[in-house]
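Presented below is the structure to which this report refers.
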Amino acid sequence: ARVSLWGGRFAGGPSQALAALSKSTHFDWRLAGQDIAGSRAHARVLHAAGLLDDAELSTMLEGLDRLAADVASGAFVAGADDEDVHTALERGLIERAGADVGGKLRAGRSRNDQIATLTRMYLRDEARVIVGLVLDVVDALVAQADAHPGAAMPGRTHLQHAQPVLLAHHLLAHAWPLLRDVERFVDWDARAARSPYGSGALAGSSLGLDPAAVAAELGFEGPVENSIDGTASRDVMAEFAFVAAMVGVDLSRLAEEVILWNTKEFGFVRLDDAFSTGSSIMPQKKNPDVAELARGKAGRLIGDLTGLLATLKGLPLAYNRDLQEDKEPVFDQVDTLEVLLPAFSGMVATMTFDTERMASLAPQGFSLATDVAEWLVREGVPFRVAHEVAGACVKVCEDRGIELWDLTDEDLAGISSHLTPDVRSVLSVEGSLASRDAVGGTAPVRVAEQLEAARARASEF
Ligand code: ARG
């Protein structure tokens, strides 16, 4: 039989077209577990308020248990006539506990406070899953850094050779933003841990129900302070969507480098066969599809965030049906990250670096020119002059098609009287790396400390 939650004041049922538009079970069904948990908690506060007697409470809880089992087994699913997950589950409860008892559960709650609560419960659970998967990527980066302690590579700005850096330093530069994303999810949870249940449609309940008891049973820190805010705001959801989009962006930045590094021209990494794909026509191809899908899905994750923000903009208080559009974007983010992250961490964990090639390219492109300038500064030359002198060295080398270390003593003296042959002591990648030994720098001692710090941070979550 058709169970509607609102038929009384209507002469007829909804048009087919409206029913099709209104329906949300194809995406909100994933909240069935949370809905039933909310119903159990709600049944208990109805009982505590004297609105259900002991027998009714146990009939209701038994009915909900059977419903939960049938949902889990697939024996109970949303029907064609069910508007949303709440409607479907009320029908399921009434079928199991009878209309007299089942029909009492709706007192003092609204789908408005229900949906706001259930999505928070769902996102809090999924945030924990996503955090674990992001930490797997961090672990893979830390392990790669650990496996290549002394390996040098060209550090770039503007994608041009800039200064030599350690490969480990570069890899950890991708780990820290991901660790901050994890921190963001953890910080976010403090705001998500407030339950809107008990806010009713918008104004709260007159039935003496205890929102704090429901909140505690559902794992929240407490109820929301304001029932209008509780049912109408979605900033907590938007904040989740931002962090999810940020994870996508941070993965995409690394993905772009993996794609470049994997080209013939760079030749820095080889991807494991298990994390590369072939071409249907070109037999030789081995493509970095995991990285490309990460880069592509970052766009989708950003779109989910911007779509949600656009939905929220300009909504008057309190609940508006526009808010039904809040779920698909974040559900899509959850699904996207949960399918992307395992492949991504696998790709990172199994890629192999051509460290010889990377090291040989590290000093190319006059990337030691800054070392010349800083050597001059240590000799007492003002940096303005030092910069000019080092730049003149580059110009001479470029004109003659040689490298900085090919300059003879006479060449050096001809460029500037400050340039004694001692300057050659800094014209090596090892010297350059070791000299950048302030906190956060690329010197091997500092990077070793940094690696331990990243490991320690990751283990805090
Ligand atoms: N399905 C709705 C949503 O996702 C909740 C139901 C509220 N409906 C209503 N007519 N007040 O937001």
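The values are calculated or read from the model by the stated rules, or taken from the named source; none is laboratory data. The structure displayed is predicted, hence computed values, not measured ones. Here Cβ is always computed from backbone atoms with ideal geometry, including for glycine, and neighbour counts include all displayed protein chains.
The table below gives the values:
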item	result
Residues of the stretch 100-116 satisfying the condition of being away from the ligand (no atom under 15 Å from the Cβ) and among the β-branched types (Val, Ile, Thr)	Val101
Filter result for Leu451 (surrounded by 16 or more Cβ atoms within 10 Å (Cβ to Cβ) and modelled with pLDDT of 95 or more)	yes
Test for Val445: is it within 28 Å of Trp176 (Cα to Cα) and under 46 Å from the mean Cα position of the chain (by Cα)	yes
Pair list, Cβ under 6 Å, 6 or more apart: the stretch 22-35 residue assigned to a helix (DSSP H, G or I), other residue at pLDDT 95 or above and hydroxyl-bearing (Ser, Thr, Tyr)	Leu31/Tyr122; Gln34/Tyr122
Considering residues of the stretch 133-168 that are β-branched (Val, Ile, Thr) and crowded, with 17+ Cβ neighbours inside 10 Å only, the residue nearest to the chain's Cα centre (by Cα)	Val134
Residue that is nearest to the ligand (Cβ to nearest atom), among those in the stretch 66-84 that are surrounded by 13 or more Cβ atoms within 10 Å (Cβ to Cβ) and under 19 Å from Gly13 (Cα atoms)	Asp84
Qualifying residue in the stretch 96-112 (condition: under 37 Å from the mean Cα position of the chain (by Cα) and free of Cβ contacts under 8 Å to residues at least 40 places away in the same chain)	no
Any chance Glu56 is surrounded by fewer than 16 Cβ atoms within 10 Å (Cβ to Cβ), outside any loop (DSSP other than H, G, I, E, B) and at pLDDT 95 or above	no
Evaluation of Lys313 against (1) away from the ligand (no atom under 16 Å from the Cβ); (2) touching a residue at least 60 places away in the same chain (Cβ under 8 Å); (3) surrounded by fewer than 20 Cβ atoms within 10 Å (Cβ to Cβ) (one fails), failing number	(2)
In the stretch 344-369, residue nearest to Val290 (Cα to Cα) [restricted to those that are buried (at least 18 other Cβ atoms within 10 Å of the Cβ) and in contact with a Phe, Trp or Tyr (Cβ under 7 Å, 6 or more places away or on another chain)]	Met347
The stretch 291-317, residues that are part of a helix (DSSP H, G or I) and among the charged types (D, E, K, R)	Glu292, Arg295, Lys297, Arg300, Asp304
